[in-house]
Amino acid sequence: MPLDSVREVFAGLKQRAFDPRLLGVYGSYRFDILGIGSFHVAVHDGDLTVIESERGGDCVITCSPSVFLHLVSGAQNTLTAAMQGLVEIRGDLALAQRLHSLLPYPSEALPAAQS
């Protein structure tokens, strides 16, 4: 189920709490997952804070659950998806380019259901 899978991804990010690939990164993302909700991810020098919220973000990414899960799995590149009209990116594009450090999610933690 996409709803459970999307929520599992954000729960996994929340559990991670720190990612050394994000050292030197400061900013916030808001993921608007159509039909599911909004998730705010703040990055402060590798530390992650994740909440379900419509709070603004420096970089706002809007997409469907299936596209989001493709981004997370690494099957789809965020910027390519944006050029194809599958993802809308607003705000800090430099931060959007750093999204690859946050995603794809480590494969061992991916939800089993990716449909």
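Any read-out appearing in this document is the output of simple, stated calculations on the displayed coordinates, not a laboratory observation. Predicted model, so just to flag it, every value in this text is computed and none were measured. All Cβ positions, even for glycine, are placed from backbone atoms using ideal geometry, and neighbour counts span all protein chains on display.
Remarks
- Computed from point charges on the beta carbon alone (+1 for Lys and Arg, -1 for Asp and Glu), the dipole magnitude for region 2-101 about its Cα centre is near 100 Debye.
- Percentage, to the nearest whole number, of Cα pairs in region 2-101 over 21 Å apart: 25
- Among E88, E8, a tally of other beta-carbon atoms within 10 Å of each Cβ gives an order, fewest to most, of E88, E8.
- Selection from Y26, I61, Q97, by position along the positive dipole direction of region 2-101 (Cβ): Q97
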